[in-house]
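> For reference, the structure I am asking about is given below.
The values are calculated or read from the model by the stated rules, or taken from the named source; none is laboratory data. Note that the structure is predicted; figures quoted are calculated from it, not measured. Glycine gets a Cβ as well: all are built from the backbone with ideal geometry, and neighbour counts include every protein chain shown. When the accessible area is computed, the model is the full protein with side chains, heavy atoms only, and any ligands, DNA or RNA have been set aside. Shrake-Rupley method; radii C 1.70, N 1.55, O 1.52, S 1.80 Å.
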Amino acid sequence: MDFLYTYETLKLEFPLVGPERARFVILGVPFDGTTSFKAGARFGPTLIRHATLNLESYVLDYDVDIAELPIADIGDVAVVAGDPRRTADRVRETIEELKRINPDALPVLLGGEHSQTLGAVEALKPASYVVFDAHLDLRESYEDNPYNHACVARRISELGVKEAMFGIRSGTREEVSYAQEKGIPWVHARDYSFDAFIELVKPLPEPVYLSVDIDVFDLSLVPSTGTPEAGGLGFWDVIKALEWLAENKKIAGFDIMEVAGENLGNPTSLTAAKLLFYFIGMMGV
Ligand SMILES: N=C(N)NCCCCNCCCN
Ligand SMILES: [Mn+2]
Ligand SMILES: [Mn+2]
């Protein structure tokens, strides 16, 4: 099966299936055209796939070997350099193609800038958007571009998708007012607790699109990301929250975004790869 806009990349090390038969379909989005601080998100998908080589496919916690699950990797989207909107259109079209041949497929995006989550949300039309992020991403526009990574949650909210945000520790006064005006709940990283998480996600309508901007973690875990911020969440905080969602909500799609760097095996990619295996493992139980 060929997709219009994707090309082949490094694969995971265990046997994969075709996208027609897969339950999990990995898609890389190596875009970093609007990155404002640290470069290198274009290498995110390759870095994450490479970092998986370090991991056992058996996830101890769930007694699940993800090598036995039907996973496809359809490669990376060919980006339109410097154009987040046209690249996100390609993400949307690729996911639409995928859903036509396999309506049950769960897209798993590896990024790449957070701007590209918009394309996945447009394709999947979830009722809710749950995001782990250091940043509110609610700007009307940033650096003259409404499709900049710093605006993605704003664009998604304008689609009428209900949102809830966790691990936040950066935003502007305007973003905070917008969240307040629209009733978008968010939990500051320093106030984060599992109970606070449950309280906000329980009432959300399904299906839920789940997005992890890797910068939600404390920067000691993820130094290589576009806009790193001190004071973030721990690895198990996020895993525990995802486990609750996997158990209690229908998930439309999942992504791990903003992984960057130029060195194979960097800590950020290892954090992202571990998160990827845990997510597939918990969904595969
Ligand atoms: N969603 C995001 N990653 N937002 C952060 C955008 C960059 C803000 N830099 C502001 C620097 C002011 N000196
Ligand atoms: Mn962020
Ligand atoms: Mn973000």
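> Exactly one condition in (1) closer than 30 Å to His135 by Cβ; (2) crowded, with 16+ Cβ neighbours inside 10 Å is not met by Ala22; state its number.
So the condition that Ala22 fails would be (1).
> Suppose we keep only residues that are of a type in the set (A, V, I, L, M, F, W, C) and away from ligand 2 (no atom under 16 Å from the Cβ) within the range 122-163. Which one would you say is farthest from Thr35 (Cα to Cα)?
Within the range 122-163, the subset of a type in the set (A, V, I, L, M, F, W, C) is 123-124, 127, 130-132, 134, 136, 138, 150-153, 156, 159, 161.
From the residues that got through so far, the ones that are away from ligand 2 (no atom under 16 Å from the Cβ) too are 123-124, 127, 159, 161.
Working: Ala123: 24, Leu124: 25, Ala127: 28, Leu159: 24, Val161: 25 Å.
By that ranking, first place goes to Ala127.
> Within the set of pairs 6 or more residues apart or between chains, which connect a residue that is farther than 24 Å from Arg21 by Cα and away from ligand 3 (no atom under 15 Å from the Cβ) inside the range 105-117 to a residue that is among the aromatic types (Phe, Trp, Tyr) and not in a helix (DSSP H, G or I) with Cβ atoms less than 7 Å apart?
none
> Moving on to the next point. Any residue that is under 17 Å from the mean Cα position of the chain (by Cα) and either over 25 Å from Lys125 (Cα atoms) or more than 15 Å from ligand 2 (Cβ to nearest atom) (or both) - is there at least one of those in the range 164-184?
Yes, the conditions are met somewhere in the range 164-184.
> If you don't mind, another one. Considering (1) over 20 Å from Gly44 (Cβ atoms); (2) touching a Lys or Arg at 6+ places or on another chain (Cβ under 9 Å); (3) more than 12 Å from ligand 2 (Cβ to nearest atom), say which one Leu200 fails and leave the rest.
Going through (1) over 20 Å from Gly44 (Cβ atoms); (2) touching a Lys or Arg at 6+ places or on another chain (Cβ under 9 Å); (3) more than 12 Å from ligand 2 (Cβ to nearest atom) one by one, Leu200 breaks only (2).
> Still on this structure: Condition test on Asp73, is it open to solvent by less than 30 Å² (accessible area, probe 1.4 Å) and over 26 Å from Pro146 (Cα atoms)?
yes
> State whether one or more residues within the range 215-235 are open to solvent by less than 60 Å² (accessible area, probe 1.4 Å), assigned to a strand (DSSP E or B), of a type in the set (A, V, I, L, M) and in contact (Cβ under 8 Å) with a residue 60 or more places away in the chain.
Within the range 215-235, one or more residues are open to solvent by less than 60 Å² (accessible area, probe 1.4 Å), assigned to a strand (DSSP E or B), of a type in the set (A, V, I, L, M) and in contact (Cβ under 8 Å) with a residue 60 or more places away in the chain.
> Next question. Can you report the number of residues in the range 56-90 which are in contact with a Ser or Thr (Cβ under 7 Å, 6 or more places away or on another chain) and free of Cβ contacts under 8 Å to residues at least 60 places away in the same chain?
Number of matching residues: 5.
> Asn102 - would you say it is surrounded by fewer than 21 Cβ atoms within 10 Å (Cβ to Cβ), of a type in the set (S, T, N, Q) and within 15 Å of ligand 3 (Cβ to nearest atom)? Walk me through it before giving the result.
Working: surrounded by fewer than 21 Cβ atoms within 10 Å (Cβ to Cβ): yes; of a type in the set (S, T, N, Q): yes; within 15 Å of ligand 3 (Cβ to nearest atom): no.
Here the answer is no, as Asn102 does not meet what is asked.
> I'm trying to understand the selection: among the residues of the range 148-186, which are more than 13 Å from ligand 1 (Cβ to nearest atom), acidic (Asp, Glu) and more than 24 Å from Gly112 (Cα to Cα)?
Glu181
> Taking Ala260 as the residue in question, decide whether it is away from ligand 3 (no atom under 16 Å from the Cβ) and either within 18 Å of Asp137 (Cβ to Cβ) or hydrophobic (A, V, I, L, M, F, W, C) (or both). Give the steps one after another, and end with the answer.
Details: away from ligand 3 (no atom under 16 Å from the Cβ): no; either within 18 Å of Asp137 (Cβ to Cβ) or hydrophobic (A, V, I, L, M, F, W, C) (or both): yes.
Spelling it out, it is not the case that Ala260 is away from ligand 3 (no atom under 16 Å from the Cβ) and either within 18 Å of Asp137 (Cβ to Cβ) or hydrophobic (A, V, I, L, M, F, W, C) (or both).
> Related question: Would you mind finding the one in Leu221, Leu245 that is more than 10 Å from ligand 2 (Cβ to nearest atom), modelled with pLDDT of 95 or more and under 22 Å from Ser157 (Cβ atoms)? Even if it seems obvious, please write down each step before you answer.
On the way: Leu221 fails: under 22 Å from Ser157 (Cβ atoms).
Going through Leu221, Leu245 in turn, the sole match is Leu245.
> Related question: Identify all residues within the range 133-172 that are touching a residue at least 40 places away in the same chain (Cβ under 8 Å), in contact with a strand residue (DSSP E or B) (Cβ under 7 Å, 6 or more places away or on another chain) and more than 10 Å from ligand 3 (Cβ to nearest atom); write none if there are none.
The answer is Asn148, Val161, Lys162, Ala164, Phe166, Gly167, Arg169.
> Only one of Ala72, Ala51 is more than 30 Å from Pro228 (Cβ to Cβ), among the aliphatic types (A, V, I, L, M) and within 19 Å of the chain's Cα centre (by Cα); which? Outline the logic, then answer.
Numbers: Ala51 fails: more than 30 Å from Pro228 (Cβ to Cβ).
The conditions single out Ala72.
> Related question: Among the residues of the range 127-158 satisfying the criterion of being among the aliphatic types (A, V, I, L, M) and over 16 Å from Glu181 (Cα atoms), which is surrounded by the fewest Cβ atoms within 10 Å (Cβ to Cβ)?
So the first thing to find is which residues in the range 127-158 are among the aliphatic types (A, V, I, L, M), and the list is 127, 130-131, 134, 136, 138, 150, 152-153, 156.
Adding the requirement that they be over 16 Å from Glu181 (Cα atoms) leaves 127, 130-131, 134, 150, 152.
Numbers: Ala127: 16, Val130: 24, Val131: 27, Ala134: 28, Ala150: 26, Val152: 29.
Among those that are among the aliphatic types (A, V, I, L, M) and over 16 Å from Glu181 (Cα atoms), it is Ala127.
> Please name all residue pairs, on different chains or six or more residues apart, with Cβ atoms under 7 Å, provided the first residue is in the range 257-277 and is farther than 23 Å from Tyr209 by Cα and the second residue is hydroxyl-bearing (Ser, Thr, Tyr).
These pairs meet every condition: Gly261/Ser224; Gly261/Thr268; Gly261/Ser269; Asn266/Ser224.
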